[in-house]
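This report refers to the structure that appears directly beneath it.
The values are calculated or read from the model by the stated rules, or taken from the named source; none is laboratory data. Given the structure is predicted, the values throughout are model-derived calculations rather than measurements. We place every Cβ from the backbone using ideal geometry, glycine too, and count neighbours over all the protein chains shown. When the accessible area is computed, the model is the full protein with side chains, heavy atoms only, and any ligands, DNA or RNA have been set aside. Shrake-Rupley method; radii C 1.70, N 1.55, O 1.52, S 1.80 Å.
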Amino acid sequence: MVDIATQLDAVERAVRTDDVDGTPAHVQTLAQTYPSPIDDVWDALTSSERIARWFLPISGDLRLGGRYQLEGNAGGTVQSCEPPHEGRAHFGITWEFGGGGETWVTVHLESAGADRTRIELEHVAPASVVPDEIWQQFGPAGTGIGWDQGLLGLSLHLTDPDARPEDPMAWSLSDEGRAFMRGSADAWAEAQAADGVDLETARAAAAATFAMYTGEAPAPM
């Protein structure tokens, strides 16, 4: 059993629309503190062998300037990479999914004590990649649910590896997995409302995203 409520409550989420390098973009951030030292968390995030144990199998050249490919998912280029030094670390990658254009992901790590590490993940999607009509229909939950699932996988990997479902895809469609996605979607609606969007509008977008993830509604073409 996965402690859904505890995991969802452990994540800080924020949404904003901003100009990034002169380009209008949707910016999402997630942050969570893990009970593990920074060197171990860094290794879990950057070792292909360990990434496969909590996220997806990955191939490619996982170093600065190299290209990576997640099995059945996104690929991209490693744009920055600073291993742990004096309690801090970060890496930045492009995130290219399904031929839909290039978005950017940056992950910052910071020691929060001898055996605790705070991770902050920022996902920047230019409006040219996620046009207004798609954003209005699905909101930040469209990508946020996937990031929440990733943080859940990392949390289980670092704290209770045996609790990770053998088939994460099948688990996501179970009652427990659906409850997790529903909770994630609702949390993203709250984050979008905190950015100034009408709460009912944000909740409608979250409901549409949940329906898409569970197969109750088709994905946008």
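Key figures
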| read-out | value |
| --- | --- |
| Whole-angstrom gap from region 153-221 to region 85-99, using each part's C-alpha centre | 22 Å |
| Accessible surface, 1.4 Å probe, highest first, among residues 213, 34 | 213, 34 |
| ³J(HN,Hα), Karplus 6.51/-1.76/1.60, whole Hz, each residue of region 199-216, x for Gly, Pro | 4, 5, 5, 5, 5, 5, 5, 5, 5, 5, 5, 4, 4, 5, 5, 8, x, 7 |
| Förster-model FRET efficiency, 25 Å R0, residue 178 and residue 136, C-beta, rounded to 0.05 | 0.55 |
| Structure-based [θ]222 nm, the chain - -39500 (n - 2.57) summed over DSSP H runs of at least 4, per residue, nearest 500 | -12000 deg cm²/dmol |
| log₁₀ of I(q)/I(0) at q = 0.08, 0.16 Å⁻¹ - the chain, Debye sum with one point per alpha carbon | -0.27, -1.21 |
| The chain - accessible surface per residue (Å², probe 1.4 Å) | 50 Å² |
| If the convex hull is drawn through the Cα atoms of region 103-207, its volume per residue in Å³ | 121 Å³ |
| Karplus 3J(HN,Hα) series, Hz, for region 132-147 with 6.51 cos²θ - 1.76 cosθ + 1.60 (x for Gly, Pro) | 4, 5, 6, 4, 5, 6, 10, x, x, 5, x, 9, x, 4, x, 5 |
| Cα centroid separation, region 1-21 to region 101-133 (Å) | 11 Å |
| Mean projected area in nm² (Cα convex hull; one quarter of hull surface) for region 5-99 | 7.9 nm² |
| Rel. contact order, % - alpha carbon contacts under 8 angstrom, at least six apart, region 85-200 | 16 percent |
| Pairwise FRET efficiency - residue 5 versus residue 127, Cβ, R0 = 30 Å, nearest 0.05 | 0.35 |
| Relative contact order for the chain, counting Cα pairs under 8 Å that sit 6 or more residues apart, in percent | 21 percent |
| Volume per residue that the Cα convex hull of region 161-216 spans, once the total is divided by residue count, Å³ | 78 Å³ |
| Solvent accessible area, Å² - residue 67, 1.4 Å probe, full protein context | 120 Å² |
| Where a label projected 7 Å from the Cα of residue 23 along Cα→Cβ would reach, residues of region 71-114 with amide N under 16 Å | 75-80, 92-106 |
| Rounded percent of accessible protein surface that carbon and sulfur make up, the chain, 1.4 Å probe | 51 percent |
